[in-house]
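Everything on this sheet refers to the single structure shown next.
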Amino acid sequence: TIRPREKVAFVGADAVANTTLFKILAGETEPDAGTVKWGVTTSTAYFPSDNSSYFDGSEDTLADWIRRYSDLVYETDVRGWLGKMLFSGDDALKQARVLSGGERVRCMLCKTMLSGANVLILDEPTSHLDLESITALNNGLIKFTETVLFTSHDHQLVQTIATRIIDLSSGYD
């Protein structure tokens, strides 16, 4: 049971187990047994560890990609959000499919923020990020007043964000 406004880090050596659990929580995979039940006012946003399906083969510019996952209409609003994610000027015209790993992660974080969800499910959100971006993510998650479920190999992120830690490796030999 996860309580409102908890920030829970899921730890364990098996990354596949963590990802599978998060896919089940996000409704992308059905569990073999058991059920997931969310509260009636719960809205979730899922940040997958593998984001390639969001970018590979996309013909969208970065600005169009952001519009696809938000209700932003005005160019100034789109560019404002891109600026918050360290994309400026002509970056908005880049095709989404050519972005680096770190740029893709920043786009996915933007998509997550724009969702307005009150439960964030973050599977390895610091992968491919530089130190400045990790620090910004850490600060943003500290300020986020709702529920966060996450997994990360970043010890600092776990220590500063988690109000509870669930070890998924127990029971394994």
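The values are calculated or read from the model by the stated rules, or taken from the named source; none is laboratory data. On a predicted model such as this, the values are computed, not experimentally measured, just so you know. Glycine also receives a Cβ, built like all others from the backbone with ideal geometry; neighbour counts cover every protein chain displayed. Only protein heavy atoms, including side chains, enter the accessible area calculation; ligands, DNA and RNA are left aside. Shrake-Rupley method; radii C 1.70, N 1.55, O 1.52, S 1.80 Å.
When only the heavy atoms of the protein chains count and the probe is 1.4 Å, how do Glu103, Glu75 rank by accessible area, highest first?
Numbers: Glu103 30, Glu75 80 Å².
Correct descending sequence by accessible area is Glu75, Glu103.
Which aspartates and glutamates does Lys37 reach when only Cα atoms under 19 Å apart count, and residues fewer than 8 places away in its own chain are ignored?
Within the straight-line limit of under 19 Å, Lys37 reaches these aspartates and glutamates: Glu6, Glu28, Glu146.
Could you state the principal axis extents of the C-alpha atoms in the chain, from the largest down, to the nearest angstrom?
For the chain, the Cα extents along the three principal axes come out at 51, 33, 30 Å.
Report the paramagnetic label zone for Glu132: residues of segment 62-90 whose backbone N is under 18 Å from a point 7 Å from Cα along the Cα-to-Cβ axis.
The answer is 80-90, whose backbone nitrogens lie closer than 18 Å to the label point.
Helix-only mean residue ellipticity at 222 nm, the chain, DSSP H runs n ≥ 4 weighted -39,500 (n - 2.57), per residue, nearest 500. What is it?
Mean residue ellipticity at 222 nm (helix-derived): -11000 deg cm²/dmol.
For segment 50-58, just list the computed ³J(HN,Hα) in residue order, Karplus coefficients 6.51, -1.76 and 1.60, θ = phi - 60°, integers in Hz, with x standing in for Gly and Pro.
Per residue, the Karplus-derived 3J(HN,Hα) values read 10, 9, 4, 5, 7, 10, 4, x, 6 Hz.
Sort Lys37, Lys7, Lys94 by heavy-atom solvent-accessible area, probe 1.4 angstrom, most to least.
Values: Lys37 190, Lys7 20, Lys94 65 Å².
From most accessible down to least: Lys37, Lys94, Lys7.
Tilt of helix 75-84 relative to the longest C-alpha principal axis of the chain, in degrees (0 to 90, nearest 10)?
50
For a quick check of understanding: with a 1.4 angstrom probe and all protein chains in place, what accessible area in square angstrom does Arg106 have, to the nearest ten?
40
How far, in degrees from 0 to 90, does helix 131-143 lean away from the longest principal axis of the Cα atoms of the chain, to the nearest 10?
On a 0 to 90 degree scale, this one is about 60.
How much of the DSSP beta bridge set in the chain is antiparallel, as a percent to the nearest 5? Mind showing how you got there, number by number?
On the way: 1 of 17 bridges.
Roughly 5 percent of the DSSP beta bridges within the chain come out antiparallel.
So which lysines pass the test for Lys143, namely a Cα distance under 21 Å, with those fewer than 8 places away in the same chain ruled out?
Lys7, Lys84, Lys111
For Val11, tell me the accessible area in Å² from a 1.4 Å probe, rounded to the nearest 10.
Accessible area of Val11: about 40 Å².
Along Cα→Cβ, 7 Å out, is where each label goes; now give me the distance between the ones at Arg5 and Glu146 in nm to one decimal.
1.5
To the nearest 10 degrees, how steep is helix 15-25 against the longest Cα principal axis of the chain, on a 0 to 90 scale?
Between helix and principal axis, roughly 80 degrees.
Between Asp14 and Ser49, 0.36 nm times their residue separation minus their Cα-Cα distance comes to what?
Working: separation 35, 0.36 × 35 = 12.60 nm, distance 1.33 nm.
So the chain would gain 11.3 nm between Asp14 and Ser49.
Evaluate the charge dipole of the chain about its Cα centre and quote only its size in Debye, nearest 20, assuming +1 on the Cβ of each Lys and Arg and -1 on the Cβ of each Asp and Glu. Please list the in-between numbers first.
On the way: 16 positive and 24 negative charges, 124 e Å.
Computed charge dipole of the chain: roughly 600 debye.
What ranking of Tyr54, Tyr69, Tyr46, Tyr74 comes out by heavy-atom accessible area, probe 1.4 Å, highest first?
Details: Tyr54 50, Tyr69 70, Tyr46 25, Tyr74 155 Å².
Highest to lowest solvent-accessible surface, that is Tyr74, Tyr69, Tyr54, Tyr46.
Testing the spin-label approximation: label points 7 Å from Cα along Cα→Cβ at Asp32 and Asp90. State their distance in nm.
5.2
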